[in-house]
Amino acid sequence: MENSEKVRIAVIGGTGFEKVLFKEFEQLRLGTPYGVAPPISIGRIGREKVVFLPRHGPEHSLPPHTINYKANIYTLYQLGVERILATNAVGAINLNFKPGDLVVPHDFIDFTKLRSTTFYDEEPVTHVDFSQPYCPEIRKLLVENAEKLGLKVWDRAVLVCTEGPRYETPAEIEMFRRLGCDVVGMTGVPEAVLARELEICYAPICYVSNMAAGIQERLTALEVSKVSKQVIPKIKQLLIKTVETLPHKRNCPCAHALEHARFR
Ligand code: HPA
């Protein structure tokens, strides 16, 4: 593998997707000003060099609220990554969505409480635009490719991100439903925000692992893990096809996210 060659695409694996995406890969750990991310693997999909980062660590040992999201995103930034495809397990609030379905959200609501959600705590004061929260170019390809592969996919959804690690109460889920949320997860924020702050494209591919609290009788981690075993192979297929079909050059606003984000 040519070392000077840039790694332009990253896959962040969520629950159930801790194992590396490629057959041959090089594993490494990089330091950042924000701490150290879990070990990352660099391999190839077709001709494209891709980095894989397991969000919860290779053994799923990090709960959502303790993940070092800044170190994760900054690690990818240091490698020169321009696009991130992220996977997340979610609970369905929308009654039309069912366990096993794929969802490509178009928007999110942040209900996290304790996370550091920005790289810009100091000057220059920076306000990134989130009118279009996820990369439109990657979202479109994820949906098109899922349909081509014959996978059941919802092409619009509002994702609410909770702090966790507990699941929600039925009253919380009812509140989120009234607010217009379709799916609930614990890891979508601040990942999407931090990526945009570094002008990296970001789009999530979620899978429904359960109906949210109050819709089904009880929630168990075992159930989430069972559904993930069925769905993750399909998501891998979808990710491979999407990496193969992404145009080399970015045709989206994400690359210029900082252009109008500062007062001076
Ligand atoms: N709530 C929050 N996060 C989740 C859920 C849920 O129901 N299912 C999978 N991740």
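The values are calculated or read from the model by the stated rules, or taken from the named source; none is laboratory data. None of the values given here were measured: they were computed from a predicted structure. We place every Cβ from the backbone using ideal geometry, glycine too, and count neighbours over all the protein chains shown. When the accessible area is computed, the model is the full protein with side chains, heavy atoms only, and any ligands, DNA or RNA have been set aside. Shrake-Rupley method; radii C 1.70, N 1.55, O 1.52, S 1.80 Å.
List of remarks:
- Among the residues of the range 71-88, just one is farther than 13 Å from Ile12 by Cβ and either without any contact (Cβ under 8 Å) to a residue 12 or more places away in the chain or open to solvent by less than 30 Å² (accessible area, probe 1.4 Å) (or both), namely Gly80.
- Within the range 101-128, residues that are at pLDDT below 95 reach partners that are among the basic types (Lys, Arg) with beta carbons closer than 6 Å, at six or more positions or on different chains, in the pairs Pro124/Arg262.
- Annotation note: of Leu159, Leu141, Leu151, the sole residue that is in contact (Cβ under 8 Å) with a residue 24 or more places away in the chain and within 13 Å of the ligand (Cβ to nearest atom) is Leu159.
- Qualifying residue in the range 202-209 (condition: within 16 Å of the ligand (Cβ to nearest atom) and surrounded by fewer than 19 Cβ atoms within 10 Å (Cβ to Cβ)): no
- Residue match in the range 32-51 (condition: touching a residue at least 24 places away in the same chain (Cβ under 8 Å), buried (at least 17 other Cβ atoms within 10 Å of the Cβ) and closer than 30 Å to Glu217 by Cα): no
- Boolean, Leu198 is within 12 Å of the ligand (Cβ to nearest atom), under 19 Å from the mean Cα position of the chain (by Cα) and of a type in the set (A, V, I, L, M, F, W, C): no
- When residues of the range 174-183 are limited to those that are open to solvent by 10 Å² or more (accessible area, probe 1.4 Å) and within 14 Å of the ligand (Cβ to nearest atom), the one nearest to Gly14 (Cα to Cα): Asp182
- Among residues of the range 110-128, those that are in contact with a strand residue (DSSP E or B) (Cβ under 7 Å, 6 or more places away or on another chain), in a loop (DSSP other than H, G, I, E, B) and within 25 Å of Gly180 (Cα to Cα), counted: 1
- Complete set of residues in the range 6-31 that are open to solvent by 10 Å² or more (accessible area, probe 1.4 Å) and within 20 Å of Thr245 (Cβ to Cβ): Lys6, Arg8, Leu21, Phe22
- In the range 143-151, the count of residues that are touching a strand residue (DSSP E or B) at 6+ places or on another chain (Cβ under 6 Å), in a strand (DSSP E or B) and over 14 Å from Val208 (Cα atoms) is zero.
- Just so you know, in the range 145-173 the residues that are of a type in the set (Asp, Glu) and over 14 Å from Ala92 (Cβ atoms) include one that is most open to solvent (accessible area, probe 1.4 Å), and it is Glu147.
- Qualifying residues in the range 187-214 (those that are in contact with a helix residue (DSSP H, G or I) (Cβ under 7 Å, 6 or more places away or on another chain), part of a loop (DSSP other than H, G, I, E, B) and among the β-branched types (Val, Ile, Thr)) - the one nearest to Glu137 (Cα to Cα): Ile200
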